[in-house]
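To start, the structure itself, in structure tokens.
The values are calculated or read from the model by the stated rules, or taken from the named source; none is laboratory data. In this text the structure is predicted, and so the values were computed from the model without any measurement. When we count neighbours, we look across all protein chains shown, and the Cβ atoms used for this are built from the backbone with ideal geometry, even at glycine. For accessibility, only protein heavy atoms count, side chains too; no ligands or nucleic acids. Shrake-Rupley method; radii C 1.70, N 1.55, O 1.52, S 1.80 Å.
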Amino acid sequence: LHQHEVALVLCVGELAREGGVETTILSTLVLAGGGAPGVPSAMARTVGLTAALGVRLLLSERGRASLGGGVHIPTHPAVWGALLPLLEAEGVRFDESCSAAPLARPDPGAV
């Protein structure tokens, strides 16, 4: 299990006048199967498989066209957007949830 939790406070426009909104994004890596003898490890599946699929993407004419040519960092939307469905087909996926809660505007007279 691999999980990231990111919390941020949005304070713009109307939200700032009301105190803002705290948003929490939770992303959990889910690996289907694995753990048995002879089955690739989680490291092999998340690192090795991702690298192999990236190479396959670069070697295909359609993949190169979708990236606009060249090599890109994996945070480029064209890269992860193309790889996530391929990873999911191999049993590697992320479940994401998002929650938001309004923050009370602080009382300026409070100490």
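Quick notes
- Test: Gly38 is over 27 Å from Leu8 (Cα atoms) and out of contact with any strand residue (DSSP E or B) (no Cβ under 9 Å at 6 or more places or on another chain): yes
- Some residue of the range 53-61 being closer than 24 Å to Gln3 by Cβ and out of contact with any Pro (no Cβ under 6 Å at 6 or more places or on another chain): yes
- Screening the range 16-107 for helices (runs of 4 or more DSSP H) wholly inside it with 1 or more residues that are at pLDDT 85 or above and open to solvent by less than 40 Å² (accessible area, probe 1.4 Å) returns the ranges 49-59, 77-89.
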